[in-house]
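Here the structure is laid out as structure tokens; the discussion comes afterwards.
The values are calculated or read from the model by the stated rules, or taken from the named source; none is laboratory data. Everything quoted here is computed from the prediction, not taken from an experiment. As a convention, Cβ positions derive from the backbone with ideal geometry for all residues, glycine included, and neighbour counts pool all protein chains shown.
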Amino acid sequence: MASNRVDTFDLAVIGAGSGGLVAAIVAHKLGLKTALIEGRLFGGDCLNFGCVPSKSLIASSRAAALMRGANRFGIESIEPHFQWEGITARIAAIQDHIREHETASYFREMGLSVYEARATFVDPHTLEIGDERITAKKIVVATGSSPVVPPIDGLKEAGYITNEDVFTLKTQPQRLTVIGGGPIGVEMAQAFARLGTNVTLIESADCVLSREDDDMSAIVCEALKHDGVDLRMNCTAASVSVHNGEKRIRLECRPQHDEIAADEILVAVGRKPSLDGLKLDVAGIKHDRRGICVNKRMQTSVRHIYAVGDCAGGPMFTHAASLEASVAIRNIVLKLPAKVSYRAFGWCTYTEPELASVGFNEKRAQADEIDYSVAEAEFADNDRALCESSTVGKIKVLYQRGWRKKIIGAQIVGPHAGELIHEYVLAISRGMTIGQLAGPTHIYPTLSEINRRVAIDHLAESFFSDRTRRILRLLFRYRGAS
């Protein structure tokens, strides 16, 4: 039973993940009386179950891989020895360090009104939070997402883990089956394999990371195999059973069927918006299976209510939530007609090699019937990559055909691809051409030289042509090479 006390706010933010925190903190600093509501964990999925713990685990697994592959550098390779408890303790310590600035008490000291309970809509302006009610002129919903669990016969009874459990396992599984070949699935498969777990990855498509171009994801596939991951492509998990304490997964594959055993099953088939308990219909907020329906200003069907992040059905990335929150705040506070754009939006899968993308790849360009050309360069031709013994991968740049050759997309699979892709984020956001990318001199020797190399190699095809030589001989009466 709610109390009679009702506080009124300029803005109420439901959810203290990336999007919610950006919205609440910026609004507060701009002078709005702001309520921040979180019924679970501050910091959202990224801090607690996603980016931070996964990249911390990946860093540990990379160290193990370097020890095994030290002979590449003229150093004797050794088999790493470690305790699983030490790895999980390191992950927890990193999270705790970041969490110092993402706690309820921290935000209260900042001046926000913080509520540590789940919120429910009473009407379009009123929220019930535990035994309290508040009203707000504007509301931002930023409740994030949760793992999708497929309806596999026997899975629930046998037991499974998701990204919300994998980083706090008490013991390292000797045999791990990963269901799903998306970013989470491939990152965890490679990390656990490098740490000595026998990993099987099940994917219904021909290769992992199916949203990426096939030639790029194929390089990641080969890297996974090299690290010992047993890839079962064109397969689905039909059922799970337990025999003598052992989990057994029956696979339906093309063309044959199979059965595999596992100590743990990691489900990584996707995510769904977290909307349960909000009572969106009470407030008249339209939503569907993808999430809350929003326009480009991040407004819902109720004009004073906004939604950002995973719950809004857009790209499910931490930096997407931050982008969308900044757009929402510009509309709410500054009354600017800001709109979200993903034209220069990038992302990265943190396998080794990393696979990063921004803008169009060939799959999306062909689907949109865009007339494009491709320029490519290999890391095997990059001097720094050679020095680092890290030459697997390539860069692929898409640009519009015609005289301008404006860059519309880029994909990089290779060392530090997530860092290198930002040159193309800037290029696309500024409408640059591939010729402009060839101009600035890059420091030698660096991996980033590949960004200039791909442009120079492309331009060289036309610049050093027979036609150019004929024009120069005509204009300047050069004798010409013999």
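Points worth noting:
- Cβ pairs under 8 Å, 6+ apart, first in region 76-102 and on the phi > 0 side of the Ramachandran plot, second modelled with pLDDT of 95 or more and part of a helix (DSSP H, G or I): none
- Residue check for residue 414: closer than 13 Å to residue 448 by Cβ and out of contact with any helix residue (DSSP H, G or I) (no Cβ under 8 Å at 6 or more places or on another chain): no
- Helices (runs of 4 or more DSSP H) lying entirely in region 425-482 (those with 1 or more residues that are at pLDDT 80 or above, crowded, with 16+ Cβ neighbours inside 10 Å and not small (Gly, Ala, Ser)): 434-437, 449-463
Yes/no matrix, rows are residues, columns are (1) in contact with a strand residue (DSSP E or B) (Cβ under 6 Å, 6 or more places away or on another chain); (2) assigned by TED's automatic domain parsing to the domain that holds residue 293:
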position: 133; (1), (2): yes, yes
position: 138; (1), (2): yes, yes
position: 159; (1), (2): no, no
position: 162; (1), (2): yes, no
position: 168; (1), (2): no, no
position: 174; (1), (2): no, no
position: 178; (1), (2): yes, no
position: 185; (1), (2): yes, no
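- Extreme residue, farthest from the chain's Cα centre (by Cα), among residues of region 278-301 that are over 16 Å from residue 137 (Cα atoms) and outside any loop (DSSP other than H, G, I, E, B): 282
- Near pairs, Cβ below 9 angstrom, 6+ apart or cross-chain, from region 427-446 (under 18 Å from residue 358 (Cα atoms)) to any residue that is among the aliphatic types (A, V, I, L, M) and part of a loop (DSSP other than H, G, I, E, B): 427/344; 428/344; 429/344; 430/344
- Listed conditions (1) part of a loop (DSSP other than H, G, I, E, B); (2) under 30 Å from residue 153 (Cβ atoms); (3) assigned by TED's automatic domain parsing to the domain that holds residue 117 are all met by residue 310, apart from (1).
- Restricting attention to region 244-269, the residues that are modelled with pLDDT of 95 or more and not in a strand (DSSP E or B) total 3.
- From 208, 220, 199, residue being within 22 Å of residue 51 (Cβ to Cβ) and either out of contact with any helix residue (DSSP H, G or I) (no Cβ under 8 Å at 6 or more places or on another chain) or part of a loop (DSSP other than H, G, I, E, B) (or both): 208
- Applying a threshold of 9 Å to beta carbon distances and a minimum spacing of six or more residues, or different chains, the list of pairs starting in region 454-478 at a residue that is farther than 11 Å from residue 375 by Cα and ending at one that is surrounded by 11 or more Cβ atoms within 10 Å (Cβ to Cβ) and among the basic types (Lys, Arg) reads 478/469.
- Residue in region 130-154 that is farthest from residue 179 (Cα to Cα), counting only those that are surrounded by fewer than 20 Cβ atoms within 10 Å (Cβ to Cβ) and not charged (D, E, K, R): 135
- Per the conditions (1) within 24 Å of the chain's Cα centre (by Cα); (2) at pLDDT 95 or above, the sole criterion not satisfied by residue 241 is (1).
- Among the residues of region 382-410, those identified as in a strand (DSSP E or B) and in contact with a Phe, Trp or Tyr (Cβ under 9 Å, 6 or more places away or on another chain) are 394, 395, 397, 398, 399, 400, 406, 407, 408, 409, 410.
- Condition met for residue 367 (within 19 Å of the chain's Cα centre (by Cα) and surrounded by fewer than 23 Cβ atoms within 10 Å (Cβ to Cβ)): no
- Subset of region 371-424 that is among the basic types (Lys, Arg) and in contact (Cβ under 8 Å) with a residue 60 or more places away in the chain - its residue that is surrounded by the fewest Cβ atoms within 10 Å (Cβ to Cβ): 384
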